[in-house]
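A quick write-up on the structure given underneath.
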Amino acid sequence: MKSYVLSLFLMMAIPCFGIAPSLLAQKNKADSLAAIYIASSKTFVSDGDYNNAIELCNKAISVLPHNGSQRTLIAAYHQLGLLYEKQQNYREALNYYRRSSEISDSLDFVSRARENTPEAYSRNFMRDVFGSINQKSESADSILKTIDKKKSLNDTLALSINYFNLGLFYKGKQQLAQSETVLLNCLDYAGKIHYTDMQNSALTVLADLYELQGDYKKSVACIKRRMELNNPANLRNSKTIGELQTKYEITQREDQVLRQQFEITKRNYWMTGIAITVVLLLVIGFIYYKQTRLKQQNIAMQAIIATEESERKRIAQDLHDSVSQTISAAKMNLTVISGELPFIGDEQRKRFDNVVKMVDDGFKEVRTISHNMMPWALNETGLARVIEQFIKNTENSSIAINFMSRGFDEPFDGTTEVILYRVLQEAVNNVLKHAQADRLDISLLKDEEGNISLSIEDNGVGFDASSAQAKRGMGLNNLQSRINFLKGKVEFDSHPGRGTLVSVYIPFAAKKL
């Protein structure tokens with residue numbers, strides 16, 4: 001009933017408009033007439049009478065191109081697109097929606113020009129965003145490389161632009177499926193940053209793609225979505241390329257600051273690492289130097305000990321083979337002569353016997369010196385037996401020497417035994433020369449692990465163990481160097497009037513020398 005009444009009204013009103021079209025044109029009333037046509041068509045739509053509705057919209061368009069408002073023309077085309085869409089005639093719907101959108105875009109462009117708000121892009125900004133894109137010469141691979149780079153930087157703006165260009169590239173190559181996929185990606189990234197202009201461009205290209213594929217329904221959906229984006233209510237959150245450029249440049253500066261901080265931190269780490277490396281190298285070099293020097297000292301000490309022992313052996317051999325034999329022969333000759341010479345009296349014979357005795361004592365002394373210089377039995381009977389013999393030759397009525405040994409009944413290491421013998425010999429001689437002691441206790445022990453302990457203690461006058469001069473005078477430094485060669489330790493515990501204790505400890509490793 002409503003549409004009938006309205007139709008009756010239009011049948012009465014429209015002829016009146018048609019009586020004086022020139023008058024209406026002069027009074028700029030064509031847009032009012034078109035608006036009535038459009039409003040009437042909407043009434044027919046509610047009753048499902050799409051044919052009359054379309055006819056009225058076409059009449060509205062016919063009076064507008066030269067004299068009507070562009071906004072009214074946009075409404076007429078949009079209404080036609082809606083009517084054909086309801087009839088599922090998507091091809092015609094697409095045609096009229098597209099016309100509506102194109103006029104709207106042109107008006108928007110003119111508005112921007114009047115407001116003097118063109119989008120100015122800096123060359124560096126666009127070159128950085130687009131990478132090396134050149135649609136005419138670049139391949140899809142080069143664009144994809146740029147996209148991968150921007151993904152690593154999480155550059156949403158650059159991704160939306162590069163996906164759009166890749167979509168155009170695929171469309172130009174008639175690779176429509178690939179173009180659709182990357183354009184949808186473009187829409188996704190542009191939507192994240194409310195980049196409306198890019199969304200409009202992507203939707204326009206997608207509408208073209210679907211039209212080429214004959215899918216007019218999807219094409220219409222893209223155009224309608226584009227029109228919704230440009231709705232003033234939706235444009236409040238949209239951003240222009242200028243705004244995005246400003247945001248991009250701020251982000252780039254922040255990234256540059258972060259990169260500079262990273263470079264500074266990295267440089268500091270490098271400097272710290274280099275410093276630590278240098279210190280480690282210096283420490284390693286110092287340790288190597290100390291070990292090398294110690295090794296050289298050990299080699300030198302071993303050479304000195306070997307030379308000393310060799311010289312001692314030579315002298316002992318000479319004393320035993322030459323001097324000792326000469327004295328022995330002299331004693332034998334004197335004994336023979338004593339039976340041949342007539343002695344004047346007992347006094348003369350007594351003096352002669354004393355001479356023979358002196359020669360005999362000299363012979364014994366030479367043998368003792370020879371034995372002390374080179375203990376021949378060391379390699380046969382072991383260190384303990386040799387020390388016992390040394391004590392027997394050294395002991396006299398003025399001092400009592402006590403010796404205890406364990407673990408040295410058999411020979412075990414020539415170098416260690418010789419050094420221990422020399423140390424003990426030196427210590428005992430010091431006691432006899434300087435200590436004025438009447439008791440000397442010697443202990444030589446080897447435990448189950450092979451560690452050696454030697455202690456030499458007397459009850460003599462003692463000395464100041466902290467005095468370097470006293471140590472030099474008694475040859476203690478030489479004793480110390482010999483024990484160091486065996487990687488052992490020697491300690492001197494002595495005070496004036498309290499006697500002296502010499503303690504020697506040699507670890508099992510000394511046996512490996």
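The values are calculated or read from the model by the stated rules, or taken from the named source; none is laboratory data. Bear in mind that the values here come from a model prediction, so they are computed numbers and not experimental data. Ideal geometry is used to build each Cβ from the backbone, glycine not excepted, and the neighbour counts take in all protein chains shown.
Summary table below
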read-out: Residue check for E395: under 17 Å from N459 (Cα atoms) and of a type in the set (D, E); value: yes
read-out: Check on Q297, surrounded by 10 or more Cβ atoms within 10 Å (Cβ to Cβ), at pLDDT below 80 and out of contact with any Ser or Thr (no Cβ under 8 Å at 6 or more places or on another chain); value: yes
read-out: Odd one out for N393 among (1) within 25 Å of G497 (Cβ to Cβ); (2) surrounded by fewer than 21 Cβ atoms within 10 Å (Cβ to Cβ); value: (1)
read-out: Odd one out for S397 among (1) within 60 Å of the chain's Cα centre (by Cα); (2) modelled with pLDDT of 75 or more; value: (1)
read-out: Output for the stretch 43-54, where each listed residue is surrounded by 15 or more Cβ atoms within 10 Å (Cβ to Cβ), of a type outside the set (S, T, Y) and farther than 12 Å from Y77 by Cα; value: F44, V45, D49, N52, A53
read-out: Pair list, Cβ < 8 Å and 6+ apart or interchain, from the stretch 65-77 residues that are surrounded by 15 or more Cβ atoms within 10 Å (Cβ to Cβ) to residues that are among the small types (G, A, S) and at pLDDT below 60; value: N67/A25
read-out: Pairs, first part of a helix (DSSP H, G or I) in the stretch 190-202, second among the charged types (D, E, K, R), C-beta under 6 Å, six or more apart; value: N200/R226
